[in-house]
């Protein structure tokens with residue numbers, strides 16, 4: 001039996017597994033002993049106790065009598081909010097810069113190159129603090145900068161007018177999302193038809209209609225409200241309208257502009273990876289320039305772009321913890337307060353690590369699913 | 001029966017008195033003696049408490065407490081290694097044994113004392129939470145701050161105090177929580193917040209060192225909460241705890257006796273038996289703590305008494321210009337009341 005290859009493999013596996021599990025158990029037990037010996041209170045029961053501190057900007061309702069776990073929920077939603085917007089921002093800026101660098105116009109490609117080198121080669125923390133220093137040096141809300149009537153730019157934040165009846169606009173937003181999904185389905189259907197019949201039909205008029213009509217219809221159905229609330233200074237604070245805080249703006253810029261430099265290089269590499277012969281062949285078939293990009297170059301480039309871009313998105317999410325340096329109440333910042341107010345340092349850090357891990361894994365799972373859809377379909 | 005019991009007690013007392021003090025030393029104290037240095041966790045960026053000066057030397061009241069303890073244990077004020085800790089890392093650093101003691105402007109509270117496996121020893125500095133605002137706002141009282149944006153350090157007592165103050169008055173506020181003291185000050189002095197809440201010592205330090213024009217900012221007279229600050233040690237070593245506590249008291253007792261770094265040798269010739277006992281010329285106070293007989297006199301000679309430390313850290317010789325207030329000795333109407341050296 002000892003000489004049986006299969007048995008030996010299993011024995012090694014068992015041995016390795018026992019070692020790993022044994023070490024893990026020993027570490028945990030040792031930790032518990034050490035904590036008990038030092039009279040350090042442990043356990044997750046503290047999550048149900050009242051938090052006793054306030055959080056500056058929240059997407060979920062929160063006040064200081066709520067429990068610690070709600071404070072975590074607030075921190076997590078803020079992390080997700082700033083990360084999601086920054087991923088969109090990084091992608092848009094990154095793709096734009098990539099096309100600038102590929103441009104034959106020396107001015108455009110020079111600016112693109114300067115952008116990439118500048119943002120990629122300075123520490124991200126420095127960039128975040130730079131944006132924050134810049135934003136907090138804007139004028140005070142008592143005499144704000146007003147680029148357009150109703151928009152206030154100040155060192156307390158960027159204030160935008162908001163619709164008075166937010167409920168109505170919520171339905172319009174839902175309808176807009178539905179319309180977008182319908183338009184995408186219409187596009188897919190149209191492409192399949194094109195593959196089957198070989199006839200090229202214009203799809204964009206239908207898509208524009210599908211995107212625009214549902215929200216307009218929803219808006220009209222709930223009574224077509226047109227009233228807007230303008231932000232105004234009352235006492236110490238500006239009341240009314242939407243607000244983006246200086247902390248949010250600085251973190252958003254710091255995250256998206258930094259990662260955009262990496263995305264730009266990834267996109268440029270992806271586009272360059274499509275061989276010249278492909279373009280020549282497409283041109284020989286009589287495709288127009290934009291058709292070459294959309295039908296030949298981009299689908300092949302995506303296969304190269306998506307995996308490294310995933311890594312950048314994940315690192316963007318993790319780097320959102322830099323918010324602690326400038327006071328944006330994301331998970332790391334809130335966790336800092338929780339761990340000192342509750343005294344449960346190990347538990348708080350364990351929770352934080354688990355949350356970051358889950359978010360990062362979720363981002364890469366989504367990107368992997370997308371990656372599968374753009375890979376070569378073997379038939 | 002009673003006679004035998006008394007005999008037993010007497011024997012135990014004699015045995016206890018005869019055994020060498022070193023045999024009682026706890027694990028932390030032994031480790032310090034073996035290593036030959038005291039490792040002290042300090043903040044390093046709080047003017048008055050601990051600040052690294054332009055020559056790289058640690059200065060401030062907290063660092064002087066560490067030097068006093070090092071003098072008591074090792075006989076040399078320079079045998080201290082300072083480790084920079086923040087308000088988040090200070091307790092884990094102490095709990096894990098990375099530092100022997102904390103002198104990091106830590107506020108003494110029941111929860112911290114009971115739940116963290118650490119012991120608070122003796123208050124060195126009595127502080128409270130105050131609000132600082134631009135003078136131009138014309139605000140005279142906290143009651144006028146409804147709706148204000150308040151800059152606050154995370155996890156500090158301040159974050160809890162500001163919440164309690166505003167809730168008790170039925171007012172609302174927006175906190176801006178920034179971890180780094182420097183960034184917090186930059187944000188506040190750039191006008192990001194209407195007010196900053198912190199310990200009054202911290203506020204006066206920021207105002208003196210960061211504000212372009214200190215005159216433009218007022219610290220409101222209302223002081224909230226109790227912030228007794230002092231050194232912290234692990235629970236596992238009662239001997240170290242005693243030494244740290246009595247080192248602090250010795251600094252204060254020296255001021256009460258009028259012993260300074262300049263006149264300590266002169267005072268050793270004093271007629272006052274209490275002073276002679278304190279300085280180790282008579283009695284066995286040092287031995288009782290497991291220290292050399294002249295521990296207190298060496299300490300005062302190198303570090304100075306509490307009044308001297310206060311003057312160069314917070315008082316007239318420092319940029320902070322903070323009044324003694326609660327930090328005067330009890331004989332001058334303050335709170336520092338060292339127990340008797342008997």
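Kindly indicate whether any position in the stretch A:194-205 is surrounded by 14 or more Cβ atoms within 10 Å (Cβ to Cβ) and at pLDDT below 85. So far as the stretch A:194-205 goes, yes, one or more of its residues are surrounded by 14 or more Cβ atoms within 10 Å (Cβ to Cβ) and at pLDDT below 85.
Of everything in the stretch A:241-273 that is surrounded by fewer than 17 Cβ atoms within 10 Å (Cβ to Cβ) and over 16 Å from residue A:83 (Cα atoms), the residue that is modelled with the lowest pLDDT is A:242.
Run down B:242, B:227, B:194, B:180 and say which single residue is within 12 Å of chain A (Cβ to nearest Cβ) and touching a residue at least 40 places away in the same chain (Cβ under 8 Å).
It is B:194.
Looking only at residues of the stretch A:41-72 that are surrounded by fewer than 16 Cβ atoms within 10 Å (Cβ to Cβ) and free of Cβ contacts under 8 Å to residues at least 12 places away in the same chain, we find that the one that is nearest to the other protein chains (Cβ to nearest Cβ) is A:63.
As a summary of the residue check, residue A:336 satisfies the conditions (1) under 23 Å from residue A:125 (Cβ atoms); (2) in contact with a strand residue (DSSP E or B) (Cβ under 9 Å, 6 or more places away or on another chain); (3) touching a residue at least 60 places away in the same chain (Cβ under 8 Å) except for the one numbered (3).
Every condition in (1) touching a residue at least 24 places away in the same chain (Cβ under 8 Å); (2) under 25 Å from residue B:290 (Cβ atoms) holds for residue B:175 except the one numbered (2).
Criterion applied to A:90, A:98, A:114 was being over 18 Å from residue A:323 (Cβ atoms) and either touching a helix residue (DSSP H, G or I) at 6+ places or on another chain (Cβ under 8 Å) or at pLDDT below 90 (or both), and the one residue passing it is A:98. Based on this model, can you work out whether residue A:16 counts as away from chain B (no Cβ under 11 Å), surrounded by fewer than 17 Cβ atoms within 10 Å (Cβ to Cβ) and in contact with a helix residue (DSSP H, G or I) (Cβ under 9 Å, 6 or more places away or on another chain)? Considered against the rule, which asks whether it is away from chain B (no Cβ under 11 Å), surrounded by fewer than 17 Cβ atoms within 10 Å (Cβ to Cβ) and in contact with a helix residue (DSSP H, G or I) (Cβ under 9 Å, 6 or more places away or on another chain), residue A:16 comes out as no.
Inspect the stretch B:29-37 for any residue being buried (at least 18 other Cβ atoms within 10 Å of the Cβ), out of contact with any strand residue (DSSP E or B) (no Cβ under 6 Å at 6 or more places or on another chain) and within 26 Å of residue A:35 (Cα to Cα) and give the result as yes or no. Yes, the stretch B:29-37 has at least one match.
Restricting A:137, A:142 to residues that are more than 30 Å from residue A:321 (Cα to Cα) and within 14 Å of chain B (Cβ to nearest Cβ) narrows the list to A:142. Of the residues making up the stretch B:103-120, one or more are without any contact (Cβ under 8 Å) to a residue 60 or more places away in the chain, more than 16 Å from the chain's Cα centre (by Cα) and more than 9 Å from chain A (Cβ to nearest Cβ). Against the numbered list (1) farther than 24 Å from residue B:304 by Cβ; (2) under 23 Å from the mean Cα position of the chain (by Cα); (3) not assigned by TED's automatic domain parsing to the domain that holds residue B:99, residue B:165 comes up short only at (2). Scanning the stretch B:144-159 for residues that are free of Cβ contacts under 8 Å to residues at least 40 places away in the same chain and within 9 Å of chain A (Cβ to nearest Cβ) yields B:146, B:147, B:159. When residue B:157 is tested against (1) surrounded by 23 or more Cβ atoms within 10 Å (Cβ to Cβ); (2) not assigned by TED's automatic domain parsing to the domain that holds residue B:203, just one condition goes unmet, and that condition is (2). Just name the residue that is farthest from the other protein chains (Cβ to nearest Cβ) out of those in the stretch B:166-176 that are out of contact with any strand residue (DSSP E or B) (no Cβ under 6 Å at 6 or more places or on another chain) and not in a loop (DSSP other than H, G, I, E, B). For the stretch B:166-176, the residue satisfying everything is B:168. Going by what's in this entry, would residue A:335 be described as in contact with a helix residue (DSSP H, G or I) (Cβ under 8 Å, 6 or more places away or on another chain), within 14 Å of chain B (Cβ to nearest Cβ) and at pLDDT 90 or above? Answer is yes for this residue.
Every listed requirement among (1) over 21 Å from residue B:93 (Cβ atoms); (2) assigned to a helix (DSSP H, G or I) is met by residue A:62 save one, (2).
Just checking, does the stretch A:274-296 include any residue being more than 14 Å from chain B (Cβ to nearest Cβ), within 15 Å of residue A:86 (Cα to Cα) and either touching a residue at least 24 places away in the same chain (Cβ under 8 Å) or surrounded by fewer than 21 Cβ atoms within 10 Å (Cβ to Cβ) (or both)? Scanning the stretch A:274-296 turns up no residue that is more than 14 Å from chain B (Cβ to nearest Cβ), within 15 Å of residue A:86 (Cα to Cα) and either touching a residue at least 24 places away in the same chain (Cβ under 8 Å) or surrounded by fewer than 21 Cβ atoms within 10 Å (Cβ to Cβ) (or both).
Out of A:218, A:227, one residue alone is exposed (fewer than 15 other Cβ atoms within 10 Å of the Cβ) and in contact (Cβ under 8 Å) with a residue 12 or more places away in the chain. It is A:227.
If you check B:204, B:199 for being modelled with pLDDT under 90, buried (at least 18 other Cβ atoms within 10 Å of the Cβ), more than 10 Å from chain A (Cβ to nearest Cβ) and in contact with a strand residue (DSSP E or B) (Cβ under 6 Å, 6 or more places away or on another chain), only one passes: B:199. On the basis of being out of contact with any helix residue (DSSP H, G or I) (no Cβ under 7 Å at 6 or more places or on another chain), outside any loop (DSSP other than H, G, I, E, B) and crowded, with 16+ Cβ neighbours inside 10 Å, does residue A:81 make the cut? Yes. The residues of the stretch A:19-52 that are out of contact with any strand residue (DSSP E or B) (no Cβ under 6 Å at 6 or more places or on another chain), within 25 Å of residue B:159 (Cβ to Cβ) and assigned to a helix (DSSP H, G or I), listed by number, are A:45, A:46, A:47. Residue check: residue B:91 meets all listed conditions (1) within 18 Å of the chain's Cα centre (by Cα); (2) away from chain A (no Cβ under 11 Å); (3) at pLDDT 90 or above but one, namely (2).
The values are calculated or read from the model by the stated rules, or taken from the named source; none is laboratory data. All values reported here derive from a predicted model rather than from experimental measurement. Please note: Cβ atoms are built from the backbone with ideal geometry, for glycine as well, and neighbour counts cover all protein chains shown.
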